[in-house]
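The block underneath contains the structure these notes are about, expressed in structure tokens.
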Amino acid sequence: MRIVSGIQPTGSLHLGNYLGAIRNWVRMQDEVAASGGESLYFLADLHALSQPHDPAQLTANTREMVAALLACGIDPAKSVLFNQAQVPAHVELQWLLNGTARFGWLSRMTQFKDKAGKNRDGVSAALFTYPVLQAADVLLYQTTHVPVGDDQKQHLELARDIAQKFNNDFAHEDAPVFTLPEPIIPPEAARIMSLRDGAAKMSKSDPSDMSRINLTDDADTIMQKIKKAKTDPAPLPSDKAGLEGRAEAANLVGIYAAMAGTSVDTVLAQFGGEGFGKFKPALGELLTETLAPINARFVELRADRAALDAVLRDGGARARELAAPTLAAAYSALGLLRG
């Protein structure tokens, strides 16, 4: 079993990243290592070029996110942790796969439509071909499984389509170049919404810092954000059905359940009938207790830039070694001569 997943270094990790992905990365890292498999986690700094960016900020964000991932429990002794730019094979394979990917496939990608909006002629070509680089990210390592959320399933399906067409067109039937990766959708992966709008995902790009709990927030900040989180005046219901139509209430209860490792109904059995004046402080305390060790470790790690760079260099070297056979096979299958 080989797992690959990535995250863009576009700012500090927040609670949505932690509960929706990072906590599961740590769990899978330990399970896969115990079974003799491999986990590769990368910072998608090349993907960041698909949107306008500040180069100095990208560098700083990359180091900060390495520190955050390490603080959350990603262990370089159990996983390969690197940034894409350390492994040029990602870009090489993307170009090789561009000949197989179809314009129509890319033009139907939902995320491109959402991010381009009405300004399709004004966005970068990288935004359009972004899913081909995502396909290269996973196909490069003969990945067997990719942890994905609902918003990324379409991209993994595209990667499988590209791999299948490439194998059909250029590989022998009994010796495919690429493994077709399977999705892993952890049942406990939480979909965390904004603290200011229960209909919008918690996001690093939201201009309001009050909309999210950053993993770098201290205890006072966390409590303040939870106390000011948008809610409604009604008390909490006694069961999950009572949260229907109450997006903000459902979000806070869902956060509590995810942090406590329990069900929404269990949380409501404890707090049903109570107002948010009692529930919010309890949620704030739970968040503070859980995130305080992560925050402390992050602050310590962030101060040692040389150590963070060393982690990325080591991970990059290991990733390049793992990537080399697949890249060579793809070149050969296409009839390209290399020295």
Inset, instruction - Diagonalise the Cα gyration tensor of the chain and give the resulting equivalent ellipsoid semi-axes, square root of 5 times each eigenvalue, largest first, whole Å. - result: 38, 22, 19
Legend entry - Asp169 paired with Ala324, simple spin-label distance in nm, labels 7 Å along Cα-to-beta-carbon: 2.8
Legend entry - Proximal aspartates and glutamates to Lys280, defined as alpha-carbon separation beneath 20 angstrom and excluding residues fewer than eight positions away on the same chain: Asp197, Asp209, Asp217, Asp218, Asp220, Asp232, Asp239, Glu244, Glu248, Asp265, Glu289
Inset, instruction - Quick one: dipole size for segment 209-301, taken about the Cα centre, charges +1 on Lys/Arg Cβ and -1 on Asp/Glu Cβ, in debye to the nearest 20. - result: 160
Inset, instruction - Could you state the angle between the C-alpha long axis of helix 89-98 and the longest principal axis of the C-alpha atoms of the chain, as a value from 0 to 90 degrees rounded to the nearest 10? - result: 70
Legend entry - Subset of Lys204/Lys230; Lys201/Lys278; Lys153/Lys201; Lys113/Lys228 violating a 28 Å alpha-carbon distance limit: Lys113/Lys228
Inset, instruction - Quick one: compute the contact order of the chain, relative version, from alpha carbon pairs under 8 angstrom and 6+ residues apart, as a percent. - result: 24
Inset, instruction - Working from Cα positions, state the angle (0 to 90°, nearest 10) between the long axis of helix 55-72 and the longest principal axis of the chain. - result: 70
Legend entry - Extension gain from Ala34 to Leu337, taking 0.36 nm per residue of separation minus the Cα-Cα distance: 105.1 nm
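Computed from the coordinates by the stated procedures, all read-outs in this text should not be read as laboratory data. Note that the structure is a prediction, hence the values are computed from the model and not measured. Positions of Cβ are generated from backbone atoms using ideal geometry, with glycine treated the same way; all protein chains shown enter the neighbour counts.
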